[in-house]
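Worksheet for the structure shown next.
The values are calculated or read from the model by the stated rules, or taken from the named source; none is laboratory data. Bear in mind that the values here come from a model prediction, so they are computed numbers and not experimental data. We place every Cβ from the backbone using ideal geometry, glycine too, and count neighbours over all the protein chains shown. Heavy atoms of the whole protein, side chains included, go into the accessibility calculation; ligands, DNA and RNA do not. Shrake-Rupley method; radii C 1.70, N 1.55, O 1.52, S 1.80 Å.
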Amino acid sequence: MITQTLFGTMPNGQDVTQYTLTNTKGVSIDILTLGGVIRRWLIPTSKDATTDIVLGYDTLEDYVNDDSSFGALVGRYANRIAKGKFTLEGVDYQTDINLGDHCLHGGSQGFSKKVWSSSVLSNSENPSIILELNSEDGDQGFPGDIYVKVIYTLTEQNRLKIEYFANASQSTVFNPTNHSYFNLNGHNSGPVDQHKVQILASQYTPIDNEGVPTGEIAAVDNTPFDLRPLTSINQPLSAQNEQIQFGNGLDHNLCLDYYSSESKVATYAAQAQTEDGCVTLKVYTNMPGIQIFTANHLSNKKGKESTRYQARHGVCFETQFFADSPNKPDFPSTTLKVGEEFYSITEYEVLF
Ligand code: BGC
């Protein structure tokens, strides 16, 4: 089932709708047309109680001012492009700079700050909505007009399926993701350091002290990034390791073992689990990487129900191409050419 309400009105007068997708298992997810934000994700945890497993805000104003991409669709380019510079087909481009010297998540007015057009695709079993965006040539400094469509579907198997489609009027770079911060004990229940995580990745992309990949693709063996066995988050976070210091915690891209550039199917890639094992999040994707991010920068941020979010109160699994790929020839290519139809899929399944 889908219901919709007016969430608020943007400073420029555009209305922002909140869709609520509910399945018959008692899962209910609120999605905003501003940035395609997943604002609330309720799971039934006892006969008459629900738990909201994502961090977020109560008001539209908070989302307009947000600098953490809470729950948002980010793009055109998730994560960093070093100095906001890249060269494509012999032409140099300079994007918006919004994190030190670098471009983060597509610039200060990236996809998360846009109001997307919306419609209901299916209002029956497996409720589904479509969000659409036209980003013009030069938007945040990126080349080419680009049309983006995202379909969110909540299935009866308690999966939120996120499908990304795009095409461009000239060659450009494209790397969309969703930036939900999960806390499987509830958004207002403090640190996630006792959650256990698994990521099926035997390699990762080391970063410099500004979070930009060095270009190396390194083995995770004997590093805090070997998350192939189910591991308490606390373990990598407490490791004496330069990479963990550079990220101020976990803020790293892991290279997924089962990636295949041809696949259009979401394959199991990662999970998180509460310490008691009562709630599990499983991540399936066809993307090559996952940025695991332990919300290292949060400091007394006012969130939903007046909660104060601190560092490590959430964990993100941002399915993506690797950061700074346009400047790293050895990474999978993020170039989207004219005539190509971009498609990617990520599914988040919650077991409770
Ligand atoms: C980045 C972090 C950043 C966060 C919030 C993550 O994807 O890697 O460095 O602080 O997003 O925008």
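Looking only at region 244-273, which residues are crowded, with 21+ Cβ neighbours inside 10 Å and either free of Cβ contacts under 8 Å to residues at least 12 places away in the same chain or in contact with a His (Cβ under 8 Å, 6 or more places away or on another chain) (or both)?
272
Got a sec? Which of 55, 131, 73 is touching a helix residue (DSSP H, G or I) at 6+ places or on another chain (Cβ under 6 Å), buried (at least 21 other Cβ atoms within 10 Å of the Cβ) and in contact (Cβ under 8 Å) with a residue 60 or more places away in the chain?
On the way: 55 fails: touching a helix residue (DSSP H, G or I) at 6+ places or on another chain (Cβ under 6 Å); 131 fails: touching a helix residue (DSSP H, G or I) at 6+ places or on another chain (Cβ under 6 Å).
One residue alone meets the criteria, 73.
In region 286-317, how many residues are more than 10 Å from the ligand (Cβ to nearest atom), in a strand (DSSP E or B) and either in contact (Cβ under 8 Å) with a residue 12 or more places away in the chain or open to solvent by less than 20 Å² (accessible area, probe 1.4 Å) (or both)?
Final tally of qualifying residues: 7.
Go through region 318-329 and count every residue that is touching a Gly at 6+ places or on another chain (Cβ under 7 Å) and surrounded by fewer than 24 Cβ atoms within 10 Å (Cβ to Cβ).
Residues flagged as touching a Gly at 6+ places or on another chain (Cβ under 7 Å) and surrounded by fewer than 24 Cβ atoms within 10 Å (Cβ to Cβ) within region 318-329 amount to 1.
Report, by residue number, each residue of region 192-223 that is open to solvent by less than 50 Å² (accessible area, probe 1.4 Å) and under 24 Å from residue 100 (Cβ atoms). Don't jump to the end; show me each part of the working.
Of all residues in region 192-223, those open to solvent by less than 50 Å² (accessible area, probe 1.4 Å) come to 192-193, 195, 197-202, 204-207, 211-213, 215, 218, 220, 223.
Of everything in region 192-223, those that are open to solvent by less than 50 Å² (accessible area, probe 1.4 Å) and under 24 Å from residue 100 (Cβ atoms) turn out to be 204, 205, 206, 207, 211, 212, 213, 215, 218.
Looking at (1) more than 16 Å from the ligand (Cβ to nearest atom); (2) closer than 13 Å to residue 75 by Cα, can you tell me which one residue 168 breaks?
Of the numbered conditions (1) more than 16 Å from the ligand (Cβ to nearest atom); (2) closer than 13 Å to residue 75 by Cα, the odd one out for residue 168 is (2).
Is there a residue in region 37-53 that is in contact with a Ser or Thr (Cβ under 8 Å, 6 or more places away or on another chain) and assigned to a loop (DSSP other than H, G, I, E, B)?
So the first thing to find is which residues in region 37-53 are in contact with a Ser or Thr (Cβ under 8 Å, 6 or more places away or on another chain), and the list is 37-38, 40-45, 50-51.
Next, from what is left, pick out any that are assigned to a loop (DSSP other than H, G, I, E, B): 37.
Checked region 37-53: at least one residue is in contact with a Ser or Thr (Cβ under 8 Å, 6 or more places away or on another chain) and assigned to a loop (DSSP other than H, G, I, E, B).
Go through (1) within 16 Å of the ligand (Cβ to nearest atom); (2) without any contact (Cβ under 8 Å) to a residue 60 or more places away in the chain; (3) surrounded by fewer than 14 Cβ atoms within 10 Å (Cβ to Cβ) one by one and return the number of the condition residue 229 breaks.
(1)
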